[in-house]
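Contents: one structure, followed by commentary.
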Amino acid sequence: MAKFTVLGGPSSEQLAKKIASRLKSRYIPSELRTFPDGESKVTLKGRPSGKIIVVQSIHPPVDSNLVRALALVSQARKYSSQVYAVIPYLGYARQDREFLPGEIVTISLVAKMFKSVGASRIIIVDIHSMKALNLFQIPTKNVSAVEELVRYFKRLKLKSPLVVSPDIGGIERARNFARLLGTDHIALEKQRDRRTGEVAIKQGDHHDVKGRDLILVDDMISTGGSIVKAAEYLKKQKCGKIYATCTHALLMGDAEKKIKQAGVTKIVSTNTIPGKTGIVDVSPVIAKAIS
Ligand code: R5P
């Protein structure tokens, strides 16, 4: 009997196959039908055995992919008492606290749902916050894609590279990235209007970026607003090329176009969310966390 069976959820089929091959495990795909009213119908295309690993990212359509993940875990639980939910990108993790009075901390509901459908362990890649991680009441592991991203950037011939976080909150990520790349880092001061979502970079701070190639590092890019404002600010200071990198590239709407127009040479992300920029593979770090 195979040690693991990997179930590929509809949002993470390719990544799930890679994880199965690294773990030398059986792979079972799922089939998705979306009814005209938007309901999801997920069907397993085989009978799993052993420990089961469900791989399903919760990226847009977020609510549908969440329901599909819960349905897969719940079904897998019928075949095994050991069901690992691998959620490469965990949507809702930004809703980890009550920013404005009355706001609901939805990630805590998501955490409860995974427990109640029978997940015995959760593995997430670069979760937005540790606060969100701690809301899960089952063993939960966060793995980092930073080493894999750095491996990509080491192959580029960058001119005196400097790692930049678009906000103070991301300084640890930037520090770690820079340490692995063997260079230094800075963090800009971003301000976000909690009601409109608009971002601005605090002007006037002096950062010596002139002539240096920059790597803007974030956990995720959604509307692109944070990267656009940071790139515009840095371009004014006559930096060299700007690269934008993140683990999760949601790239909503025309985010990619706006980022390129702001002077970013290339966007590099991972395959936690499938897409054109998702060129860095996170299956090695996920497989390592499981085995
Ligand atoms: C914020 O705290 C996150 O780390 C990202 O900076 C943010 O979610 C990116 O969103 P957007 O691309 O919409 O600015």
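The values are calculated or read from the model by the stated rules, or taken from the named source; none is laboratory data. Here the structure is a predicted model, which means the values were calculated and not measured. Methodologically, a virtual Cβ is constructed for each residue, glycine included, from the backbone with ideal geometry; neighbour enumeration extends over all protein chains shown. These area figures cover heavy atoms from the full protein model, side chains too; ligands, DNA and RNA do not enter into them. Shrake-Rupley method; radii C 1.70, N 1.55, O 1.52, S 1.80 Å.
Could you give the semi-axes, largest first, of the ellipsoid that matches the chain, computed as the square roots of 5 times the alpha carbon gyration tensor eigenvalues and rounded to whole Å?
35, 21, 16
Rounded to the nearest whole Å², what accessible area per residue is found for segment 146-271 with the 1.4 Å probe?
48
Which percent, to the nearest 5, of DSSP beta bridges fully inside the chain are antiparallel?
15
Is segment 139-252 rounded, prolate or oblate when judged by the Cα gyration tensor, a ≥ b ≥ c being the square roots of its eigenvalues, rounded requiring a/c under 1.5 and prolate requiring a/b larger than b/c?
oblate
Could you derive backbone 3J(HN,Hα) for segment 78-93 from the dihedral phi with the Karplus parameters 6.51, -1.76 and 1.60 (θ = phi - 60°), listing whole Hz in sequence and x where the residue is Gly or Pro?
Ordered by residue, 3J(HN,Hα) equals 6, 9, 7, 8, 10, 10, 9, 9, 9, 10, x, 10, 9, x, 6, 5 Hz.
Report the label-to-label distance for residue 171 and residue 14 in nanometres (one decimal), using points 7 Å from each Cα along the Cα→Cβ vector.
Between residue 171 and residue 14, the label points sit 3.7 nm apart.
Percent antiparallel among DSSP beta bridges with both residues in segment 146-271, to the nearest 5?
15
Residue by residue, what Karplus-based ³J(HN,Hα) values in Hz, rounded to whole numbers, does segment 244-252 have, using 6.51, -1.76 and 1.60 with θ = phi - 60° and x for Gly and Pro?
10, 9, 7, 6, 10, 9, 6, 6, 6
At a 10 angstrom cut-off on C-beta neighbours, averaged per residue, how do the peptides 187-195, 262-270 rank from highest to lowest?
By packing density, highest mean first, the sequence is 262-270, 187-195.
Within segment 215-240, which residues have the backbone N less than 16 Å from the label spot 7 Å out from residue 207 along Cα→beta-carbon, could you tell me?
215-220, 225-240
Please give the length that would be gained between residue 289 and residue 43 if that part of the chain were fully extended, namely 0.36 nm times their separation in residues minus their C-alpha to C-alpha distance (nm, one decimal).
Net length gain for the segment: 85.9 nm.
What order do you get for 224-236, 279-291 when each peptide is scored by the mean count of other beta carbon atoms within 10 Å, highest first?
My ranking of the peptides, most packed first, is 224-236, 279-291.
Could you calculate the FRET efficiency of residue 241 with residue 109 from 1/(1 + (r/R0)^6), where r is the beta carbon distance between them and R0 is 41 Å, rounded to 0.05?
0.45
So how far apart, in nm, are the two label points at residue 138 and residue 33 if each is 7 Å from Cα heading toward Cβ?
Between residue 138 and residue 33, the label points sit 2.8 nm apart.
According to the square roots a ≥ b ≥ c of the eigenvalues of the Cα gyration tensor, what is the shape class of segment 70-172, taking rounded for a/c under 1.5, prolate for a/b larger than b/c otherwise, and oblate for the remainder?
Oblate.
Could you tell me the center-to-center distance, by alpha carbons, between segment 108-186 and segment 191-267 in angstrom?
18
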